[in-house]
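Reading through the structure tokens given below for one structure.
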Amino acid sequence: MEKEDILQSAISGDINAFQTLFAEFQNQLKSYLYRLLTDRDDVDDITHDTFIKAFTYITTFNREASLKTWVFKIATNLAYDHLKKVKRWQADAQDRAADLAISSEEIKQVFWMVHNTSPAGAYEMKEHIDYCFTCISKTLPIENQIALILKNIYDFQVKEIGVILEKTEGIIKHLLNDARNTMTDIFEHRCALINQNGVCHQCSHINEIFNPKQNQQEELMKLELVKASKKYNREQLFTLRTLLVKAIDPLHASGTDFHEEIMNCLKTAIGEKSDFFDRSGGEND
């Protein structure tokens, strides 16, 4: 059955046909939503709601954009409503998380338990750089964050992002430029791994704790970012970061569970969660 025929069947109300089309980009959609929401349960809920809403209104799909773009627009609107309820993160959010983890023996024990027992509890520096990228992107205004992630991580075109955000291409270009400049500034002043004047070396520090037998220099040299840090300018380094991030699925990486706990710690530290252990599937359940 040709894709056009499947689409026509979906528009005619065939839920199985729609499921077939939705499945083609479902994993990418969930990855995108996680970068915005940083919560697996929220991702599952909004993915489910997106599917239901998209199928319910499939007869309004006018094909001015691809089905994928149309579905991403629905998901983005749902995520946007959720994000408006929480404050933007500050650039020192990860520092506050580190301070909390250092001061709490219970949290450190959870980190070790997940690292030692979970099949997705590994620690890799490149995955922490991906995690850091997500954290820094959450310091942006919502529309800037959405535009940046769609363009730089998921390769949507400016015109498609304009459809998703219901903005002109000129406004989207402005959002992207501001977002890149802000992210680049934060990285330049915070990332000591790549920029010598940065203040944060968290990725290397955690590596020393959880991979004490690993050759630190060998691990560092696996990263093109480190090898290029002295010869590339800050814009080129930002591009290298996005290439690294694009290659990682934050929901299915080797350290997904480990970084989920770090994320829970961060949200507790900044007040987005009331208690590190108070969550669905957490230690108190």
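The values are calculated or read from the model by the stated rules, or taken from the named source; none is laboratory data. Given the structure is predicted, the values throughout are model-derived calculations rather than measurements. Cβ atoms come from the backbone with ideal geometry, glycine included; neighbour counts cover every protein chain shown.
Please verify whether Ile171 is surrounded by 18 or more Cβ atoms within 10 Å (Cβ to Cβ) and either touching a Cys at 6+ places or on another chain (Cβ under 6 Å) or at pLDDT 95 or above (or both), treating the condition exactly as stated.
Numbers: surrounded by 18 or more Cβ atoms within 10 Å (Cβ to Cβ): no; either touching a Cys at 6+ places or on another chain (Cβ under 6 Å) or at pLDDT 95 or above (or both): yes.
When the stated conditions are applied, Ile171 does not pass them.
What number of residues within segment 144-171 satisfy the criterion of being under 30 Å from Asp95 (Cα atoms) and without any contact (Cβ under 8 Å) to a residue 40 or more places away in the chain?
Residues of segment 144-171 under 30 Å from Asp95 (Cα atoms): 144-154.
From what is left, the residues that are without any contact (Cβ under 8 Å) to a residue 40 or more places away in the chain are 144, 147-148, 151.
Of the residues in that region, 4 qualify.
Go over the candidates Ala17, Ala91, Ala54, Ala10 one by one and state the one that is small (Gly, Ala, Ser), within 25 Å of Cys132 (Cβ to Cβ) and in contact with a helix residue (DSSP H, G or I) (Cβ under 6 Å, 6 or more places away or on another chain). Walk me through it before giving the result.
Numbers: Ala17 fails: within 25 Å of Cys132 (Cβ to Cβ); Ala54 fails: within 25 Å of Cys132 (Cβ to Cβ); Ala10 fails: within 25 Å of Cys132 (Cβ to Cβ).
On inspection, the qualifying residue turns out to be Ala91.
Given the conditions (1) in contact (Cβ under 8 Å) with a residue 40 or more places away in the chain; (2) closer than 24 Å to Leu148 by Cα; (3) among the polar types (S, T, N, Q), which single one is not true for Ser104?
(2) is the only condition that Ser104 fails.
Which residues, counting only those in segment 71-82, are of a type outside the set (Lys, Arg) and either at pLDDT 95 or above or surrounded by fewer than 15 Cβ atoms within 10 Å (Cβ to Cβ) (or both)? Reasoning before the result, please.
Within segment 71-82, the first condition is being of a type outside the set (Lys, Arg), and the residues that meet it are 71-72, 74-82.
Selection gives Val71, Phe72, Ile74, Ala75, Thr76, Asn77, Leu78, Ala79, Tyr80, Asp81.
Does Arg35 meet the test of being basic (Lys, Arg), outside the structural domain of Phe277 (by TED's automatic domain parsing), in a helix (DSSP H, G or I) and surrounded by 17 or more Cβ atoms within 10 Å (Cβ to Cβ)?
Values: basic (Lys, Arg): yes; outside the structural domain of Phe277 (by TED's automatic domain parsing): yes; in a helix (DSSP H, G or I): yes; surrounded by 17 or more Cβ atoms within 10 Å (Cβ to Cβ): yes.
So Arg35 fits the description; yes.
Being acidic (Asp, Glu), within 21 Å of the chain's Cα centre (by Cα) and assigned by TED's automatic domain parsing to the domain that holds Met221, is that true of even one residue in segment 97-118?
No, segment 97-118 contains no residue that is acidic (Asp, Glu), within 21 Å of the chain's Cα centre (by Cα) and assigned by TED's automatic domain parsing to the domain that holds Met221.
May I ask you to verify whether Glu166 is closer than 19 Å to Leu223 by Cβ and acidic (Asp, Glu)?
Numbers: closer than 19 Å to Leu223 by Cβ: no; acidic (Asp, Glu): yes.
In short, no.
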